[in-house]
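All remarks here apply to the structure that follows.
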């Protein structure tokens, strides 16, 4: 029996496998042994662990198992309250999803059968409704982890000014990303999702799948370029496959699960703001306030952290399933345990930096929720409110306060603009008045009457009589002609 790994590494692992995956001591010991074997820093140090060691460490950390919690008086007393608090966000969650949610967020490990019996007592109609849905199953073939990334966009929230984009590994069923933004049709944005995931994995898959669409060309070209750079035998090939008419089935299945799960409660939240008269989704200025407040703060947080994420929960057993059956994150981390392989292609950061500069430049305007000045003002007002926690219960109150502050700012700006325009008009009037006065002072004196030019007629070379005051006459005379004309007049006077 070897010695235990360092506590700073081991304790987070035990907490993760206990709370996130719900493993017992035996499974935790097996998983941690695999992690030790894969860690290059532990090579040759003889680290190991056992069921008994995990049991003692779990007691030291205060992590009670399912049977221990069941025997602890009052351990499940607040379960009903917690379920009712979760219902606004997850109105359709069944017993299995709630087991994951309670374990993940509150550290409560309750058997699924016990929770189902409780739900039959407090929510009989909802339990009966769960049995009405049946998932149509089909077979999908994949060789291993990171062989394929299948991604797709989701436009069902276009009315709210929100757009989603998702990617899944078909072999494990693991979500690679599930992002929300004010668009999902921009090549730089979608390629940015891909590059961010590649940085997190430090690798890319063999192939990428998507529907047809201009926005998907970025990932197709970027991924193919990366694969060609790392494998010269792939020069001139496209490492991406397009599917037509809902044939990108793994992504479509993920969206179907999303629509039946998280989307139900979140759409109720979005509609609640309109019902209460706090927002009109048809007004762009309302969306400008709503968008910087919502996607990064609540929706993205909910999609990645707060929901019982599919990556940490095992799927329902199905004996005809060809792909491995287990927790997606575990299959991803240890595919050998399920008889699979990891086909990930390691990518150096320098190459990812080059691809980012080419296909998804960070300074692209698409990465801005709103204009920098407007977003800065919203964040300033949010800070003045004390930066309250944004949740399902508080988001609309916070939004209403921000909207009121912005309207006050607009009214103040309008008053200041009117005052500024009035001052400018006064200044222009004063300037015009000074110009008129200066013109009166500097005006040339009137010419005295000269009887010599009064009512006199002159003749031109053709003896045509012309009025001396006729401007046309003055214009047609050249300088020499004028001198000759004056000399002739003086001769007549003499």
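Assorted remarks:
- Some residue of the stretch 229-247 being part of a helix (DSSP H, G or I), within 25 Å of the chain's Cα centre (by Cα) and under 23 Å from residue 168 (Cβ atoms): no
- The criterion of at least 2 residues that are out of contact with any helix residue (DSSP H, G or I) (no Cβ under 8 Å at 6 or more places or on another chain) and in the same structural domain as residue 18 (by TED's automatic domain parsing) is met, among helices (runs of 4 or more DSSP H) falling completely within the stretch 45-108, by 51-61, 66-71, 79-86.
- Condition check for residue 32: outside the structural domain of residue 312 (by TED's automatic domain parsing), at pLDDT 90 or above, over 13 Å from residue 65 (Cα atoms) and in contact with a strand residue (DSSP E or B) (Cβ under 9 Å, 6 or more places away or on another chain): no
- The set of residues in the stretch 381-405 being in a helix (DSSP H, G or I) and either assigned by TED's automatic domain parsing to the domain that holds residue 87 or without any contact (Cβ under 8 Å) to a residue 40 or more places away in the chain (or both) consists of 381, 383, 384, 397, 401, 404, 405.
- When the criteria are applied in full, residue 143 meets the requirement of being in a loop (DSSP other than H, G, I, E, B), at negative phi and out of contact with any helix residue (DSSP H, G or I) (no Cβ under 9 Å at 6 or more places or on another chain).
- When residues in the stretch 77-96 are screened for being within 29 Å of the chain's Cα centre (by Cα), crowded, with 19+ Cβ neighbours inside 10 Å and closer than 18 Å to residue 316 by Cα, 2 of them pass.
- Output for the stretch 366-387, where each listed residue is surrounded by 13 or more Cβ atoms within 10 Å (Cβ to Cβ) and under 16 Å from residue 181 (Cβ atoms): 366, 367, 368, 369, 370, 375
- Residue check, residue 186 surrounded by fewer than 18 Cβ atoms within 10 Å (Cβ to Cβ) and at pLDDT below 95: no
- When residue 354 is tested against (1) at pLDDT 85 or above; (2) loosely packed, with under 12 Cβ neighbours inside 10 Å; (3) in a helix (DSSP H, G or I), only condition (2) is not met.
- Residue that is nearest to residue 106 (Cα to Cα), among those in the stretch 307-335 that are in contact (Cβ under 8 Å) with a residue 12 or more places away in the chain and loosely packed, with under 13 Cβ neighbours inside 10 Å: 316
- Scan of the stretch 1-44 for residues that are assigned to a loop (DSSP other than H, G, I, E, B), in contact (Cβ under 8 Å) with a residue 12 or more places away in the chain and farther than 21 Å from residue 335 by Cβ, ordered by number: 1, 2, 4, 5, 24
- Scanning the stretch 260-271 turns up no residue that is buried (at least 17 other Cβ atoms within 10 Å of the Cβ), outside any helix (DSSP H, G or I) and over 21 Å from the mean Cα position of the chain (by Cα).
The values are calculated or read from the model by the stated rules, or taken from the named source; none is laboratory data. As the structure is a prediction and not an experimental result, all values here were calculated from the model. Glycine gets a Cβ as well: all are built from the backbone with ideal geometry, and neighbour counts include every protein chain shown.
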